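Only the coordinates and a few stated rules stand behind these numbers; no lab work does. Remember, predicted model here, so these are calculated numbers, not experimental data. Heads up, the Cβs are rebuilt from the backbone with ideal geometry, glycines too, and the neighbour counts pull from every protein chain shown.
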Amino acid sequence: MAGVVTANMWLIMAGIAILLGAQAERQGLLMHNDSDLVKVRDVMLTEYSILSASATLEDAVEHAKHSLQDVFPVVRGGNMVGAVARQSIFEALEASGNGYVQGIMTKAFQTASPDDSLIQTLGRVTNVAGASSQLVPVIEGEKIVGIITPQNLQRSMGMLARRARHGAGRGDGQTAEDERD
């Protein structure tokens, strides 16, 4: 059930991204290519917590309670091997007692590059059956440089929309960013 709700969150976020792109295009904020409007780097979280695949569930709960994150990348030897949701940690601990994060992590996920188009990335994430829709790790080279979750995407898209409205309200074709330069 949670997977269905989370998958629907990505569809909602994809719709918001497309709507924002259409609004910006209507306001003349796009250059020539609408896929260049919002890049993954514009919305990714760059400060996030990770969990070790060998961490116990009790250790993960302790770690999670000091974070606002809902989903955590799981690493082994510096490489991302999965993702686990805060709720899954609590449910597994309650159902089975203490175990290891690697036993409950999701191993299927889509990745993105910082320079990927957000709209194209969301399309790819929402069209992949069976893949984790809780987290999109942003990879540069072989290193995780950020993450996108439905929750942070919702907040980021709201901020980008406000910035676009503020810039479009000038009437001189200049955005707030142009004005600062």
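Among the lysines, select those whose C-alpha is under 28 Å from the C-alpha of Lys39, and discard any that sit fewer than 8 residues away in the same chain.
Lys107, Lys143
Please give the contour-minus-distance gain from His66 to Gln120: 0.36 nm per residue of separation, less the Cα-Cα distance, rounded to one decimal in nm.
Length gained, His66 through Gln120: 16.1 nm.
Could you check the simple spin-label distance between Glu58 and Arg76, using points 7 Å along Cα→Cβ, in nm with one decimal?
2.3 nm
Below 11 angstrom from the Cβ of Ile89, what's the summed charge of the other residues (Lys, Arg +1; Asp, Glu -1)?
Charge balance in the 11 Å sphere: -4.
Let me check I've understood the local charge: for Pro114, count other residues with C-beta under 10 angstrom from its C-beta, Lys and Arg +1, Asp and Glu -1. What total comes out?
That sum, taken over residues with Cβ under 10 Å, equals -2.
Would you mind counting up the charge near Met44? Only other residues with Cβ under 14 Å from its Cβ, with Lys and Arg at +1 and Asp and Glu at -1.
Taking every Cβ under 14 Å from that of Met44, the sum is -1.
Would you please classify the overall shape of segment 30-121 from the alpha carbon gyration tensor, given that a ≥ b ≥ c denote the square roots of the eigenvalues, rounded means a/c under 1.5, and beyond that prolate means a/b larger than b/c while oblate covers the rest?
Note, shape of segment 30-121 comes out prolate.
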